[in-house]
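Everything below concerns the one structure shown next.
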Amino acid sequence: MTRTTRRRPVRLAVMLAAVSAVAAGAAVALASGAEAGTTLGASAAEKGRYFGTAVAAGKLSNSQYTTILDREFNMITPENEMKWDATEPTQGQFRYTSADQIVSHAQAHGQRMRGHALLWYQQEPGWAQSMSGSALRSAMMNHVSTVAAHYKGKIYAWDVVNEAFADGGGGGRRDSNLQRTGNDWIEVAFKTARAADPGAKLCYNDYNTDGINAKSTGVYNMVKDFKARGVPIDCVGFQSHLGGLPPSDYQANLQRFADLGVEVQITELDISGSNQATAYANVVKACLAVSRCAGITVWGIRDSDSWRTGENPLLFDSNGNKKAAYTSTLNALNGPGSTVSTPPVSTPPVSSPPPVSTSPSTPGTGTGNGCTATVSLNQWDGGFVATVRVTAGSAAINGWTVGLTLPSGATITGIWNANRSGDSGAVRFTNVSYNGSVGAGQYTEFGFQATGSATGLTPSCS
C-alpha cells in the first residue's frame with residue numbers, strides 16, 4: 001500500500017493513532033489538511049480506520065464535488081473506471097485514462113485507493129461476454145494480471161472478485177460465464193492478483209451479505225476454505241446498500257468474518273429511509289466495535305451523485321450541504337470504539353464448501369407483493385452498460401418483470417441475469433431461475449450492454 005505524508009501539523013493523539021495503525025499493518029491517513037474530529041476522514045483516522053467514497057472521473061472538474069471529497073474523505077474507490085469494460089474495451093488493448101485521473105487526484109491530495117473491481121460478471125466488455133471455457137479463463141486472468149500490475153504499489157485493497165454468489169436461500173455460487181470456466185476461478189483470480197501486486201490487500205466483495213443469512217454464510221464458507229488452504233485472501237467487503245436500519249446481527253456478521261483472520265470493510269454504503277441518521281450511526285458503531293473493521297466507504301458524495309435516484313441515500317444533499325446523517329456519522333466516529341488491532345483468530349464450526357448454482361435459466365412465476373426498479377449507467381460514445389436493481393417492497397417477491405423503452409437507435413448486444421423479449425424499443429426482462437425470489441426490502445440485479453444512447457431510461461417493475 002502507499003503511504004502519504006501529512007503536509008500540516010496534527011494533534012499528538014492523531015499521530016500516535018497513526019503510528020499504532022502502521023504497527024498493525026493498517027496505516028490510515030487523515031484527510032488532507034483536516035483537523036481530527038472535525039471531518040469524516042480525520043475522525044476515522046483517530047480510530048485507525050479510513051472513511052472513503054466512490055468517485056467518478058467525470059465529476060473531478062466540479063469544484064463543489066472536489067471540495068467535499070478532499071475535505072472529508074481519505075480513501076477513494078472508482079465507481080466504474082477500473083472495471084473490465086472500462087480498462088480493456090478491446091481484448092489485449094488496455095485503457096487507463098479515466099482511472100489514472102482518479103489515482104492522480106488521490107495521490108495529489110493524500111488519499112489512498114481501493115481498486116474496484118477486477119472481475120465481475122457484469123460490465124464485461126462485449127468481446128468477453130461472447131467467450132467461454134478455457135479462452136475466457138485465459139483472458140480474464142490476463143486481465144487481472146495486467147491491470148493489477150499497472151497499479152502496483154498504488155492500491156490499498158482490490159475487489160478482486162465482485163458478486164459471485166447467488167441470491168436466494170441456497171448459499172451457492174452465481175451462474176455466470178466466469179463461474180462456468182470452473183469452480184476454482186475465484187481462487188485462481190486471487191492467486192493471480194497476489195502475483196501481480198503482492199502489496200495490495202485482496203478482497204471479495206458482495207451485497208445482501210450484511211446479516212447472517214444463507215448468502216453471507218456461503219461467502220463465509222468460501223473464505224474459511226481459502227484460509228485453510230492458503231489461498232491469498234485478506235479482506236471481505238460488505239456493500240451495505242441499505243433501505244433502513246442495518247440488520248440486528250450486522251456487527252455479529254462482521255465479527256464472524258473478522259474471526260477468520262481477514263479484514264472486513266464496508267465498501268458501498270448508502271442508506272435510504274426516514275431513519276437514515278440513526279442507521280448510518282449504527283453502521284459506524286458496528287465497524288468501530290470490530291477491531292478488524294478497517295473502514296467505511298460511502299457510494300457517492302452528494303445525493304445527486306447516487307445511483308439510487310430519488311432515494312437521497314448519501315451524507316450530503318444535492319447542493320452539497322451536510323445532512324443529519326452526516327452529523328450522526330461524525331458523532332459516531334468521534335464516540336467510543338476500538339482502534340485497529342490484531343485479535344486472536346478463532347475457528348467456529350463451518351459447514352462444507354457451498355454448492356455451485358448452475359440451474360438452467362427459466363422464468364420465475366408470480367409477481368409477489370410489489371417491487372421497484374432503478375438503473376445505473378456506464379456510458380461512452382456509441383454505447384452503454386445498464387445495471388438494473390430490482391428491490392422487493394414490504395414483502396418478499398417470487399418472480400419479477402421489468403419493462404423499459406430504449407431510445408431510438410439503441411440496441412441490446414448482451415445481457416446477464418435475466419431473460420428478455422426484444423432488443424430495441426419496448427423491452428421486457430424477466431428473472432432467471434436463481435434470482436426470482438427476493439426477500440422483503442432486499443434486491444437483486446441484472447444488466448445489459450447496448451449500442452446507442454441511454455437517455456431517458458426509466459424501468460418499471462411488476
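The values are calculated or read from the model by the stated rules, or taken from the named source; none is laboratory data. Owing to the predicted nature of the structure, the values given are computational and were not obtained by experimental measurement. Positions of Cβ are backbone-derived with ideal geometry, glycine not excepted, and every protein chain shown enters the neighbour counts. What goes into the accessible areas is simple: the full protein's heavy atoms, side chains included, and nothing from ligands, DNA or RNA. Shrake-Rupley method; radii C 1.70, N 1.55, O 1.52, S 1.80 Å.
Hey, among the residues in the range 422-445 that are in a strand (DSSP E or B) and at pLDDT 90 or above, which one's surrounded by the most Cβ atoms within 10 Å (Cβ to Cβ)?
Filtering first and then ranking leaves Phe429.
Among the candidates Ser274, Ser304, single out the residue that is open to solvent by 60 Å² or more (accessible area, probe 1.4 Å) and modelled with pLDDT under 95.
Ser274
For Ser248, only one of the following conditions fails: (1) in a helix (DSSP H, G or I); (2) small (Gly, Ala, Ser); (3) closer than 23 Å to Thr329 by Cβ. What is its number?
Unmet for Ser248, out of (1) in a helix (DSSP H, G or I); (2) small (Gly, Ala, Ser); (3) closer than 23 Å to Thr329 by Cβ: (1).
Looking at this structure, is Ser138 surrounded by fewer than 22 Cβ atoms within 10 Å (Cβ to Cβ) and either within 24 Å of Ala450 (Cβ to Cβ) or without any contact (Cβ under 8 Å) to a residue 40 or more places away in the chain (or both)?
It is true that Ser138 is surrounded by fewer than 22 Cβ atoms within 10 Å (Cβ to Cβ) and either within 24 Å of Ala450 (Cβ to Cβ) or without any contact (Cβ under 8 Å) to a residue 40 or more places away in the chain (or both).
Looking at this structure, is Ala117 hydrophobic (A, V, I, L, M, F, W, C) and open to solvent by 30 Å² or more (accessible area, probe 1.4 Å)?
no
List every residue pair whose Cβ atoms lie under 8 Å apart, where the two residues are 6 or more positions apart in sequence or sit on different chains, the first residue falls within the range 176-195 and is over 14 Å from Ile233 (Cα atoms) and open to solvent by 30 Å² or more (accessible area, probe 1.4 Å), and the second residue, located anywhere, is not small (Gly, Ala, Ser) and not in a helix (DSSP H, G or I).
Arg180/Thr358; Asn183/Arg173; Asn183/Val356
Tally the residues that are touching a strand residue (DSSP E or B) at 6+ places or on another chain (Cβ under 7 Å) and either in a helix (DSSP H, G or I) or in contact (Cβ under 8 Å) with a residue 60 or more places away in the chain (or both), restricting the search to the range 268-283.
Of the residues in the range 268-283, 4 are touching a strand residue (DSSP E or B) at 6+ places or on another chain (Cβ under 7 Å) and either in a helix (DSSP H, G or I) or in contact (Cβ under 8 Å) with a residue 60 or more places away in the chain (or both).
Taking Asn419 as the residue in question, decide whether it is open to solvent by 20 Å² or more (accessible area, probe 1.4 Å) and within 22 Å of Gly126 (Cα to Cα).
It is true that Asn419 is open to solvent by 20 Å² or more (accessible area, probe 1.4 Å) and within 22 Å of Gly126 (Cα to Cα).
Name the residues in the range 155-170 that are surrounded by fewer than 24 Cβ atoms within 10 Å (Cβ to Cβ) and either over 19 Å from the mean Cα position of the chain (by Cα) or assigned to a strand (DSSP E or B) (or both), would you?
Result: Asn162, Gly168, Gly169, Gly170.
Under 8 Å by Cβ, and 6 or more places apart or on different chains, what pairs join a residue from the range 95-106 that is among the charged types (D, E, K, R) with one that is open to solvent by 30 Å² or more (accessible area, probe 1.4 Å)?
Here the result reads Arg95/Pro89, each pair linking the range 95-106 to a residue that is open to solvent by 30 Å² or more (accessible area, probe 1.4 Å).
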